[in-house]
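Reviewing the structure listed below.
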Amino acid sequence: MAESSIYPVLVRTEAAYLKPGKLGDWIAIQGKLGEVGKARFWCTFEMRRESDGVLLLTAKQCLALVKMPEGKPVRLPNGFGKAAG
């Protein structure tokens, strides 16, 4: 990122708090790349309490790539989000 001066920027967050966690709980977080557009992409997340597997939170975040220091949005590269191979 430092070489290209292109950085991911958080555009939007949506979260659904389903159950409370408690101090001392171990929480497992799983994230996945979701929808990929021309200039934005979404990541989805689940947080579960490790002791019983209860789903505590679901969330999704929209990110965009920005060229700094101009702060100008950049199109995602061809093949962004595709599995290598």
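Net charge dipole, the stretch 1-48: roughly 140 debye, given to the nearest 20, about the Cα centre with Cβ charges of +1 for Lys and Arg and -1 for Asp and Glu. The length gained on full extension between Leu10 and Met68, counted as 0.36 nm times the residue separation minus their Cα-Cα distance, comes to 19.4 nm. Multiplying the residue separation of Phe80 and Lys32 by 0.36 nm and subtracting their alpha-carbon distance yields 15.9 nm. Its Kirkwood hydrodynamic radius, worked out from the mean inverse distance over all distinct Cα pairs, puts the chain at 14.8 Å. Sites listed here are GluC sites (Glu not before Pro) in the stretch 1-57 whose DSSP assignment is loop and whose Cβ has at most 15 other Cβ atoms within 10 Å: Glu3, Glu50. Solvent-accessible surface of the chain, taken per residue with a 1.4 Å probe and all protein chains present: 77 Å². The trypsin sites (Lys or Arg not before Pro) found in the stretch 8-85 that occupy coil by DSSP, while having at most 15 further C-beta atoms within 10 Å, are Lys22, Lys38, Arg75, Lys82.
When only the Cβ of Lys, Arg, Asp and Glu is charged (+1, +1, -1, -1), the dipole of the chain relative to its Cα centre reaches about 280 debye. Give the residue list of chymotrypsin sites (Phe, Trp or Tyr not before Pro) in the stretch 7-85 that are DSSP loop and have at most 11 other beta-carbon atoms within 10 angstrom. Sparse-neighbourhood loop chymotrypsin sites (Phe, Trp or Tyr not before Pro): Trp26.
The values are calculated or read from the model by the stated rules, or taken from the named source; none is laboratory data. It should be emphasised that the depicted structure is a prediction, and the values quoted were computed from it without experimental measurement. Every residue, glycine among them, receives a Cβ derived from its backbone with ideal geometry; neighbour counts consider all protein chains shown. Protein only, heavy atoms only, side chains kept; ligands, DNA and RNA dropped before computing areas. Shrake-Rupley method; radii C 1.70, N 1.55, O 1.52, S 1.80 Å.
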